[in-house]
1. Need pairs with beta-carbon distance below 6 Å; first residue away from every other protein chain (no Cβ under 14 Å) and within region B:125-144, second surrounded by fewer than 11 Cβ atoms within 10 Å (Cβ to Cβ); sequence gap 6+ or separate chains.
2. Every residue in region B:180-229 that is hydroxyl-bearing (Ser, Thr, Tyr) and within 15 Å of B:Gln169 (Cβ to Cβ), please.
3. Across region B:81-102, what is the number of residues that are over 19 Å from B:Arg145 (Cβ atoms) and over 12 Å from the mean Cα position of the chain (by Cα)?
4. Please state which one of B:Ile231, B:Ile183, B:Ile187 is more than 13 Å from every other protein chain (Cβ to nearest Cβ), touching a residue at least 12 places away in the same chain (Cβ under 8 Å) and among the aliphatic types (A, V, I, L, M).
5. Among the residues of region A:7-57, what is the count of those that are more than 23 Å from B:Ile161 (Cβ to Cβ), within 11 Å of chain B (Cβ to nearest Cβ) and modelled with pLDDT under 85?
6. Of the residues that sit in region B:153-176 and are facing chain A (nearest Cβ under 8 Å) and of a type in the set (A, V, I, L, M, F, W, C), which one is surrounded by the fewest Cβ atoms within 10 Å (Cβ to Cβ)?
7. Taking the conditions exactly as written (surrounded by 13 or more Cβ atoms within 10 Å (Cβ to Cβ), among the hydrophobic types (A, V, I, L, M, F, W, C) and either out of contact with any Phe, Trp or Tyr (no Cβ under 7 Å at 6 or more places or on another chain) or without any contact (Cβ under 8 Å) to a residue 12 or more places away in the chain (or both)), does B:Phe150 satisfy them or not?
Amino acid sequence: MNKGVVLEKHKRFMIVMTNEGEFIKAKLREDVDIGEEIPFSPIQVPKWSTIYQSKKYVSVMAAAILLLAFLPIYQFISPDKAYGLVTVDINPSLEFTVNSNYDVIDAEGYNEDGRTIIKGLKDQVIGQPLNVAVSLLITKGNELGYLSNENDIYISSSLTLTEESWGESYERWMEAIQQNYEVNFITINLDNEIFEAAKELSISPTKFVFLRDAQEEGIEIDVEQMKNRSIEDIEADRGKKLDKLISPESIKVNAPFKRGKPENPGNSDHKKNNEKQQEKEEKREEQKEEKEKKNRGNGNNQGNNKSKDDEHPSNKKNENSNKQQNKKEDHPSSKKEKKEKQNQGNNGRQNQNNGNQGQNQNNGNQGQNQNNGNQNQGNNNNN
Amino acid sequence: MLKRLKILNREELSIEETIRLIQQGDGESEIENQLIQKYIPFIQNTATKVCKRYIRTSDDDEFSIALIAFNEAIHNYSENKGSSFLSFASLVIRRRIIDYIRQEQRKKVSLSIDYVDTDKENMENIAEVKASFKEFEQRRETEYRREEIFHLQEQLAVYGITLAEVSEQSPKHQDARENMLMIAKTIIQNPELKEFLIEKKRLPMKALTKSITMSRKTIERNRKYIITLCIVLMEDYRYLQDYLKEWTS
């Protein structure tokens, strides 16, 4: 260890004089005073002048500068560079841009609806993996009323949607979404070329597929109008379905909520709309009936309590109501069944007719409904 | 009248010559007083530097000590003690004030209300006494050296040199350093070269290249280091010189 007298203290070093007349820059020690003799460790400060002078250094530095100039620029930029695109057509059409880490770095709407939906969502979505981004989009779309039941959601991408790129298993993700919303997923894998061509027209690539097809046939289509139409409508307009236009390997349909589509794809738009409305009406009716059923169930309960004293009128009532119920009720939910079961269990005598009719009229009814019948019969026998 | 004229003439003399007069003659107290009077601001300034607080001429003990030290310097000064009288006087004042401050500190301890006579017990252990005495000596040396270093920095500033620059120029190799030491010694031992250095504040290159078989470039490259060595050896740096004595002798 060298020893020396502290001559000067600077911010980052101190100057020390050894007893051999050497003046040295040493590592700073806060605990020493000027004039004190201390052991010290010198610091080597390479001087620029010596670096310039040495030919060895010059060549090394030149090589380093060359490396710096060519190599790392790509690496620095790539994390924020668009690596892939994923577009979602609900009908609001949107596009998510992801970087090489599959984090969303940009989100844009292709049409008016898409831009409205993304306005309040962009900040939340950026930096998220795709699964989170698209889930957020679906939730938001539902809030804003864009999402109806049995909606088709077209997800087209230039990437293959794996666990790595999507953030979780794509299949599991679809299942999770479908538990909350009755939506169908049509997943389409498209070439980068289509994405680029679509980008020029700023139209969703899925719609661009139709546009291209129409142009090949020599039909002029208003692009602006197409942007705002849903893919189902476009399919109807064109009289062609999407899966006919692209190779079957690149399209995957996950449609558990698919309703019966018209046999002829060539049906006119108008007709189709009518059918749609009809279906909707039917559905509404069903829902109404279910509600009524619930109310009746309660009514039953009350009636049961009363009927201990007065049997006949309530019995009749039940007969009628149950008739109706069993007729219309094609898909009884198990919950309601259970309720009924309890009710019936409580008051077997009154449900006598109910049980019989259930058996006779509703052959299609299986499982618990039948069981009810048996139970009721049993009760009847006891009585 | 004649006496007054004499005084006037003497005022025009340099300090060094005045001091020689004082040292030679016996009844020259008037000149001595005048000299001291003239340098009161200098004495005050030096005392302030050492104490790191403002020293008033009226009621600070440190100033009286500095005055006495200055007087002492006048009588002790000789040509070979430093580059100039003021530089020498400054060093003497610093030393005396350090002594005084140490003395005061020791007094404070012994006058403390809580003073317990534990020192005596310690005194019994000879090794401990030796150790504490050595420590005391070391601390005193450090303080003296510190003042010398401050003085050195001031002197270097006159030459436009900082210690950081010296550390960058300082030759790494022992032989090279010894060569530089030889040059510095040559300058100091030769009155003409020494005069040139003090007057012009630069190395007497011409004379050096004549008397020394070393390339001009080498000397010039180590210019700052050589000047620093000259100052260290020339001034009355007792403690710094003592630290370097093995190397310089």
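The values are calculated or read from the model by the stated rules, or taken from the named source; none is laboratory data. Computed from a predicted model, the values in this text were never measured in an experiment. Ideal geometry is used to build each Cβ from the backbone, glycine not excepted, and the neighbour counts take in all protein chains shown.
1. B:Glu128/B:Asn122
2. B:Thr218, B:Tyr225, B:Thr228
3. 0
4. Result of the check over B:Ile231, B:Ile183, B:Ile187: B:Ile187.
5. Residues in region A:7-57 being more than 23 Å from B:Ile161 (Cβ to Cβ), within 11 Å of chain B (Cβ to nearest Cβ) and modelled with pLDDT under 85: 0 in total.
6. Checking each candidate, the answer is B:Ala164.
7. Considered against the rule, which asks whether it is surrounded by 13 or more Cβ atoms within 10 Å (Cβ to Cβ), among the hydrophobic types (A, V, I, L, M, F, W, C) and either out of contact with any Phe, Trp or Tyr (no Cβ under 7 Å at 6 or more places or on another chain) or without any contact (Cβ under 8 Å) to a residue 12 or more places away in the chain (or both), B:Phe150 comes out as yes.
For every residue, the table says whether it meets (1) of a type in the set (Phe, Trp, Tyr); (2) at pLDDT 80 or above; (3) at negative phi; (4) in a helix (DSSP H, G or I).
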| residue | (1), (2), (3), (4) |
| --- | --- |
| B:Lys3 | no, no, yes, yes |
| B:Lys49 | no, yes, yes, yes |
| B:Ile65 | no, yes, yes, yes |
| B:Phe70 | yes, yes, yes, yes |
| B:Ser78 | no, yes, yes, no |
